[in-house]
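Colleague: Dumping the structure here so I can ask a few things about it.
The values are calculated or read from the model by the stated rules, or taken from the named source; none is laboratory data. Small disclaimer: the values here were computed from a predicted structure and weren't measured. Positions of Cβ are generated from backbone atoms using ideal geometry, with glycine treated the same way; all protein chains shown enter the neighbour counts. These accessible areas exclude ligands, DNA and RNA; they are computed on the full protein's heavy atoms, side chains included. Shrake-Rupley method; radii C 1.70, N 1.55, O 1.52, S 1.80 Å.
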Amino acid sequence: MSFNSFGRVFRFSTWGESHGPAIGAVVDGCPPGLALSEADIQPWLDLRKPGTSKFTTQRREPDAVRILSGVFEGRTTGTPISLMIDNTDQRSKDYSDVAKAYRPGHADYAYDAKYGFRDYRGGGRSSARETASRVAAGAVARAVIPDVDIFAYVSEIGGDGIDHANFDPAQIAENPFFCPDAQAARRWEKLVDDARLDGSSLGAVVECVAAGVPAGWGAPLYAKLDSELAAAMMSINAVKGVEIGDGFAAARLRGEQNADPMRPGADGPTFLANHAGGIAGGISTGQPIKLRVAFKPTSSILIPVDTVTRDGEASQIITKGRHDPCVGIRGVPVVEAMMALVLADQKLLHRAQCGDRAAD
């Protein structure tokens with residue numbers, strides 16, 4: 001059985017390969033009557049698309065989306081929404097060596113072990129190119145949750161983190177790193193460029209906040225909001241860790257330090273802290289939902305790495321082609337998209353069970 005779909009009520013499936021003719025997504029379960037056009041989706045894809053600076057892959061893709069179904073006269077119809085993005089700048093010849101030997105850290109060997117066959121051109125389905133489909137689907141999800149404000153940013157590259165005292169949301173769109181700290185962004189220019197010139201790569205941490213989520217979304221035990229978010233983020237290429245709220249730091253606190261104290265408020269409890277990241281018992285509390293996502297360094301590098309060939313012989317490999325020196329940078333719009341997709345699904349799940357009870 002193959003798994004290419006995510007979600008329960010608001011569900012999307014992605015299709016296509018890095019060097020195939022096109023990639024895309026099919027979104028099912030979207031409520032009818034929502035305003036939606038290609039112009040609503042394209043700005044999010046533009047944030048993720050390659051070739052926007054020397055700090056990302058130089059593959060040139062316009063990532064222009066086409067809506068093939070599910071929208072009529074600018075409104076969703078309630079039927080499956082098919083989204084298509086053409087691949088226009090493939091260079092499959094760069095992967096001739098990858099056809100013969102496995103790239104350590106990449107999915108080459110794992111795919112071969114599972115299927116006995118793999119698309120070595122850019123990694124096929126294991127390529128981060130697939131995330132463009134998620135971003136397109138995430139744009140549709142945002143139409144389902146118009147009152148929720150989602151924003152993400154890079155908080156660390158190569159072990160160098162931002163100073164939260166310098167946090168300025170306006171800076172996120174002013175530099176190629178989605179960085180809210182102007183001083184850190186200037187440091188990262190040299191850090192990432194040095195890794196790129198060395199033929200190497202760096203890891204990154206992306207933080208994401210969703211404000212405006214009402215109390216009540218999510219479910220106990222097996223459909224917890226935090227477990228759904230963790231699964232969504234871990235499904236992103238190159239992600240190796242997810243923290244909700246204080247995450248691992250909570251293990252170093254005492255109970256009274258980790259608690260989120262409450263006081264009476266005009267519209268319900270007022271929280272004095274948010275160590276839980278806006279989720280308690282798997283259900284949203286009405287506070288901002290906060291999480292962090294760790295991206296590993298890009299596995300495709302120009303430094304020789306020991307490997308084996310498909311025939312089992314010892315070898316070394318250098319991965320030619322155009323690759324991100326820090327894949328976490330372009331991971332920002334992908335993390336936002338997965339947040340939107342989970343929240344849209346959870347809103348519809350809540351409405352299905354509780355109706356007009358609350359939290360819509």
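Yes/no per residue for (1) surrounded by 19 or more Cβ atoms within 10 Å (Cβ to Cβ); (2) basic (Lys, Arg); (3) part of a helix (DSSP H, G or I):
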residue: ARG121; (1), (2), (3): yes, yes, no
residue: ALA132; (1), (2), (3): yes, no, yes
residue: VAL135; (1), (2), (3): yes, no, yes
residue: GLN171; (1), (2), (3): yes, no, yes
residue: PHE178; (1), (2), (3): yes, no, no
residue: GLY199; (1), (2), (3): no, no, no
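Table: residues versus (1) modelled with pLDDT under 90; (2) in a loop (DSSP other than H, G, I, E, B); (3) open to solvent by 20 Å² or more (accessible area, probe 1.4 Å).
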site	(1), (2), (3)
ARG322	yes, yes, yes
CYS326	no, yes, no
ILE329	no, yes, no
VAL334	no, no, no
ALA337	no, no, no
LEU341	no, no, no
ASP345	no, no, no
ALA359	yes, yes, no
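Colleague: (1) part of a helix (DSSP H, G or I); (2) touching a Leu at 6+ places or on another chain (Cβ under 9 Å): which one isn't true of ILE150, the others all being true?
Modeller: In the conditions (1) part of a helix (DSSP H, G or I); (2) touching a Leu at 6+ places or on another chain (Cβ under 9 Å), ILE150 misses (1) alone.
Colleague: Just to be sure I understand, how many residues within segment 137-147 are in contact with a helix residue (DSSP H, G or I) (Cβ under 9 Å, 6 or more places away or on another chain) and either open to solvent by 20 Å² or more (accessible area, probe 1.4 Å) or polar (S, T, N, Q) (or both)?
Modeller: Within segment 137-147, residues that are in contact with a helix residue (DSSP H, G or I) (Cβ under 9 Å, 6 or more places away or on another chain) and either open to solvent by 20 Å² or more (accessible area, probe 1.4 Å) or polar (S, T, N, Q) (or both) number 2.
Colleague: A further question follows. Consider GLY116 carefully, then state whether it is more than 21 Å from ASP40 (Cα to Cα) and surrounded by fewer than 21 Cβ atoms within 10 Å (Cβ to Cβ). Lay out the reasoning, then the answer.
Modeller: Details: more than 21 Å from ASP40 (Cα to Cα): yes; surrounded by fewer than 21 Cβ atoms within 10 Å (Cβ to Cβ): yes.
So GLY116 passes the test.
Colleague: Name every residue in segment 96-119 that is assigned to a helix (DSSP H, G or I), under 23 Å from LEU202 (Cα atoms) and charged (D, E, K, R), in order of residue number.
Modeller: ASP108
Colleague: Sticking with this one: Considering only residues of segment 222-266 that are without any contact (Cβ under 8 Å) to a residue 12 or more places away in the chain and assigned to a strand (DSSP E or B), which is least open to solvent (accessible area, probe 1.4 Å)?
Modeller: GLY265
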